[in-house]
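Below: the structure, in structure tokens.
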Amino acid sequence: MKGRHEVQKQIPMENPIGVSLPSEEEKNRSVMWILDTAMPQKNSVWQELYQTANAVGVRTLFFGVGDCFFLTVLVLCVCLFPAAAMMVKMVRMAPCLFLLSPAFYALAHFLTMWKEYQTRTLEWKQTWRISFRTVMALRMLVLGAISVVGSILICAVLWSLSKQMVSFVWMLSVAFSALFLYGGSSLFCQRLWGMRAVVMVPFVWILVSLVPVLWEPASIWLMQIPVYVFLLVAVAGGGLYFVQMYYFVTARALKMGEI
């Protein structure tokens, strides 16, 4: 009996079976390895957008909405461009640019969302493994890039029609300030009110833009604003757009049913 007690005293109580246990440092290394393997670090918003763009591609991003783009271009060519030519002759250059610059972005975004809502593919896309908000953000970024190129072309055409009455840089600054302010305000309203903003924001923008079109003193006042003011507004609008894009992608929920 005495020998048995002596053997038990030689074995530590925390390790009764005599197996060598890992040290505290080895335990911490093992836990960190498990966490790094099972829970990879989350990418930033812009990395997520880039990786999603590579995985999805532009063709998949706009799959099934080609007719919406065709209708957008048709409306712009048949309705808005002739009206813009008339406003140029009436010295309504600034109101014309405020209306036309976000027109493609607003109409294309509205038509694609409306079609997907009507065909029930909007709900289906929310079940994708890829974040639906990220896909929507990518689509809006592509539409924004197309609108920037379109704004440059619109300014070139109107500048030619006006016989170089005003500076081309001034026209570009007006167009970009309108486009970026519209994009930023649209994203902000979508975060607050869901997809109802896709209808509300264009309606409000048209009403506001029609004020200087119909009221000559407002149009004259806009024409007298120097180029550096519109450039500052364009820079601020671009910053607002990308900040709102960040919050749009990282938002916890998007009210898809409210349209």
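The values are calculated or read from the model by the stated rules, or taken from the named source; none is laboratory data. Since we're looking at a predicted model, the values are computed, not measured. Here the Cβ positions follow ideal geometry from the backbone for every residue, glycine too, while neighbour counts run over all protein chains shown. Side chains included, ligands, DNA and RNA excluded: accessible areas come from the protein's heavy atoms. Shrake-Rupley method; radii C 1.70, N 1.55, O 1.52, S 1.80 Å.
The table below lists the values:
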{"item": "Criterion (under 30 Å from A218 (Cβ atoms), surrounded by 19 or more Cβ atoms within 10 Å (Cβ to Cβ) and modelled with pLDDT under 80) met by exactly one of A108, A94, A103, A85", "result": "A94"}
{"item": "Of all residues making up the range 26-57, the number that are in a helix (DSSP H, G or I) and at pLDDT below 75", "result": "14"}
{"item": "Single match in V148, V198, V169, V211 (criterion: assigned to a helix (DSSP H, G or I) and either open to solvent by 80 Å² or more (accessible area, probe 1.4 Å) or touching a strand residue (DSSP E or B) at 6+ places or on another chain (Cβ under 7 Å) (or both))", "result": "V169"}
{"item": "Breaking point among (1) open to solvent by 80 Å² or more (accessible area, probe 1.4 Å); (2) closer than 16 Å to M113 by Cβ; (3) in contact with a helix residue (DSSP H, G or I) (Cβ under 6 Å, 6 or more places away or on another chain), for F203", "result": "(3)"}
{"item": "Any hit, the range 181-193, residues being of a type in the set (K, R), assigned to a helix (DSSP H, G or I) and open to solvent by 10 Å² or more (accessible area, probe 1.4 Å)", "result": "yes"}
